[in-house]
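Right, one structure below, let's go through it.
A short reminder: the numbers here are calculations on the coordinates, not readings from a lab. What you see is a predicted model, and the numbers here were worked out from it, not measured in a lab. With ideal geometry, Cβ positions are generated from the backbone for all residues, glycine too; neighbour counts draw on all protein chains shown.
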Amino acid sequence: MRLGAHTAVLKPGTLAHRLYGTDTISERHRWEVNPNYCGCLEDAGVVFSAWSSDGLRREMLELPGNYFFLATQFHPEFKSRLWKPSPPYYGLVKAAFDKKRGRPSPEY
């Protein structure tokens, strides 16, 4: 468990990278993925889309092939505001709206 803001590097071409529109982010972290399970998660199709700046911890993951599947190890709600929502929240709400309207999977 880690407390406070930490820098994460986003993998180009991923949903996370498209949502944030940048190569690095700073978010308040709390938990991390157990590295003993990362290989089997990747073998099952999970894509780790953000890493700690030292490259040791996975910060975000996605499951391609789903309409919207994005998970974070940090607390996006801490930076989310009514008129400036956090990118993961914006992406989730937009994807839900688009899916309800029958639109194709989001590209951001």
_Below 8 Å between Cα atoms, with a sequence gap of 6+, how large is the relative contact order for the chain in percent?_
25 percent
*Hydrodynamic radius (Kirkwood) for the chain, which is based on Cα pairs only, to one decimal in Å*: 14.4 Å
*Pair K99, D43: separation of 7 Å Cα→Cβ label points (nm)*: 2.8 nm
*Could you order peptides 73-79, 14-20 by the average number of other Cβ atoms within 10 Å of their residues, highest first?*
14-20, 73-79
*Helix-derived [θ] at 222 nm for the chain: sum -39500 (n - 2.57) over DSSP H runs of at least 4, divide by residue count, nearest 500?*
-6500 deg cm²/dmol
_Charges at C-beta only: +1 for Lys and Arg, -1 for Asp and Glu. How large is the resulting dipole of the chain about its Cα centre, in Debye rounded to 20?_
560 debye
*In Å and from the alpha-carbon atoms only, list the Rg and Dmax of the stretch 24-82.*
12.2, 38
*K94: which lysines have alpha carbons under 21 Å from its alpha carbon, excluding same-chain residues fewer than 8 sequence positions away?*
K79, K84
*Using alpha-carbon positions, what is the distance between the centroids of the stretch 31-57 and the stretch 66-89, in Å?*
19 Å
